[in-house]
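Please treat every number below as a calculation from the coordinates, not as lab data. The model shown is predicted, which means the values in this text are computed figures rather than measured ones. A quick note on method: Cβ atoms are made from the backbone with ideal geometry, for glycine too, and the neighbour counts reach across all protein chains shown.
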Amino acid sequence: MSKTPTERMYQLVVRPLVTEKTTKVAESGNWLTFEVLLDATKPEIKEAMERLYGVDVLKINTLIQKGKKRTRALSARSDMKKAFVKLKDGQNVDLSAGVK
């Protein structure tokens, strides 16, 4: 298996989530939060994080946040899958720098 990222890995991690809550989680431990594709699995997310960012992943927790319906308009927000990624102690990801 090659160590170069595949196209699927670049598509898998949609964006990092930086909110007040995720910042508190990141400060309490070595956790990062990302929005990922709805069909992403934990092994896929782990492999993508290790290849794209060059870090060691210890644990991944995922959740699916259901989209909200808007009352006045006939539209709704899409469902979203979040991945909480725990990194090995001493490792860090600079989210402003992008991927390799």
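Angle check, please: helix 42-53 long axis (alpha carbons) against the longest principal axis of the chain (alpha carbons), in degrees 0 to 90, nearest 10.
Taking the Cα atoms of the chain, the angle to 42-53 is about 60 degrees.
Among Ile60, Ile45, rank each residue by its count of other Cβ atoms within 10 Å, from fewest to most, as a rough exposure measure.
Exposure proxy ranking, most exposed first: Ile60, Ile45.
For each pair in Lys24/Lys69; Lys46/Lys81; Lys24/Lys68; Lys3/Lys88, compute the distance between the two Cα atoms and list the pairs where it is over 22 Å.
Over 22 Å apart, Cα to Cα: Lys24/Lys69; Lys24/Lys68.
More than 23 Å apart: what percent of Cα pairs in the chain qualify?
28
Could you work out how much longer the chain between Asp89 and Ser75 gets when fully extended? Use 0.36 nm per residue separation minus the Cα distance between them, nm to one decimal. Before the final figure, lay out the partial values.
Details: separation 14, 0.36 × 14 = 5.04 nm, distance 4.29 nm.
Extra length available between Asp89 and Ser75 comes to 0.7 nm.
Would you calculate, for the chain, the mean residue ellipticity at 222 nm contributed by helices, counting each DSSP H stretch of 4 or more residues as -39,500 (n - 2.57) and dividing by all residues, to the nearest 500?
So the calculated ellipticity at 222 nm is -7500 deg cm²/dmol.
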